[in-house]
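The values are calculated or read from the model by the stated rules, or taken from the named source; none is laboratory data. These numbers come from a predicted model, not from an experiment. For neighbour counting, all protein chains shown are included, and Cβ atoms are generated from backbone atoms with ideal geometry for every residue, glycine included.
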């Protein structure tokens, strides 16, 4: 089994409830939850997009198969929860991203691990740092405005 970090995001419907259900589905299909961050609220991107704020979280656990299988599983869960891939940065019911998969470094058309933009995103790094302190040094490198815009929204 491989230790992995997975980011949860969403800004349509009821993300908190969707996250809970999606995590249950993930755990029923080979993911073994170790820890989960709190929920964090952040503004939609790009600024001025007139979308609702996002709710974000990160989970840490182990997966029984490989990164490609995990990606397929995450996408099937997203699809079951009404994820529509229309245009980049569109509002969504659920977004699940593999942040890390053990020490693997992968770059294919479908998957890049570690996640290529995770070090630029306060809404990913702040919840990840709740689970693993090594991410704190990257949080400190982010623009202060991004850090301040990412607000704790409570437990799941």
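General remarks:
- Checking each residue in region 127-141 for being out of contact with any helix residue (DSSP H, G or I) (no Cβ under 6 Å at 6 or more places or on another chain) and surrounded by 14 or more Cβ atoms within 10 Å (Cβ to Cβ) picks out 127, 130, 131, 132.
- Unmet criterion (only one of (1) surrounded by fewer than 13 Cβ atoms within 10 Å (Cβ to Cβ); (2) closer than 21 Å to residue 25 by Cβ) for residue 145: (2)
- Residue in region 35-48 that is touching a helix residue (DSSP H, G or I) at 6+ places or on another chain (Cβ under 8 Å), exposed (fewer than 14 other Cβ atoms within 10 Å of the Cβ), under 23 Å from residue 133 (Cβ atoms) and at pLDDT 95 or above present: yes
- Qualifying residue in region 5-15 (condition: out of contact with any helix residue (DSSP H, G or I) (no Cβ under 7 Å at 6 or more places or on another chain), surrounded by fewer than 21 Cβ atoms within 10 Å (Cβ to Cβ), without any contact (Cβ under 8 Å) to a residue 12 or more places away in the chain and over 17 Å from residue 128 (Cα atoms)): yes
- Residue match in region 102-118 (condition: touching a residue at least 60 places away in the same chain (Cβ under 8 Å), part of a loop (DSSP other than H, G, I, E, B) and exposed (fewer than 13 other Cβ atoms within 10 Å of the Cβ)): no
- Flag if residue 83 is modelled with pLDDT under 95, surrounded by 14 or more Cβ atoms within 10 Å (Cβ to Cβ) and either part of a helix (DSSP H, G or I) or more than 13 Å from the chain's Cα centre (by Cα) (or both): yes
- Taking the listed residues 71, 96, the one that is under 21 Å from residue 10 (Cβ atoms), surrounded by fewer than 20 Cβ atoms within 10 Å (Cβ to Cβ), touching a strand residue (DSSP E or B) at 6+ places or on another chain (Cβ under 7 Å) and in contact (Cβ under 8 Å) with a residue 24 or more places away in the chain is 71, with no other qualifying.
- Checked against the criteria, residue 77 counts as at pLDDT 95 or above and in a helix (DSSP H, G or I).
- Restricting 63, 123 to residues that are more than 20 Å from residue 15 (Cβ to Cβ), touching a strand residue (DSSP E or B) at 6+ places or on another chain (Cβ under 7 Å), surrounded by 13 or more Cβ atoms within 10 Å (Cβ to Cβ) and touching a residue at least 60 places away in the same chain (Cβ under 8 Å) narrows the list to 63.
- Condition met for residue 47 (out of contact with any strand residue (DSSP E or B) (no Cβ under 7 Å at 6 or more places or on another chain) and within 13 Å of residue 92 (Cα to Cα)): no
- Within region 16-34, the set of residues being crowded, with 18+ Cβ neighbours inside 10 Å and farther than 21 Å from residue 66 by Cα comprises 18, 19.
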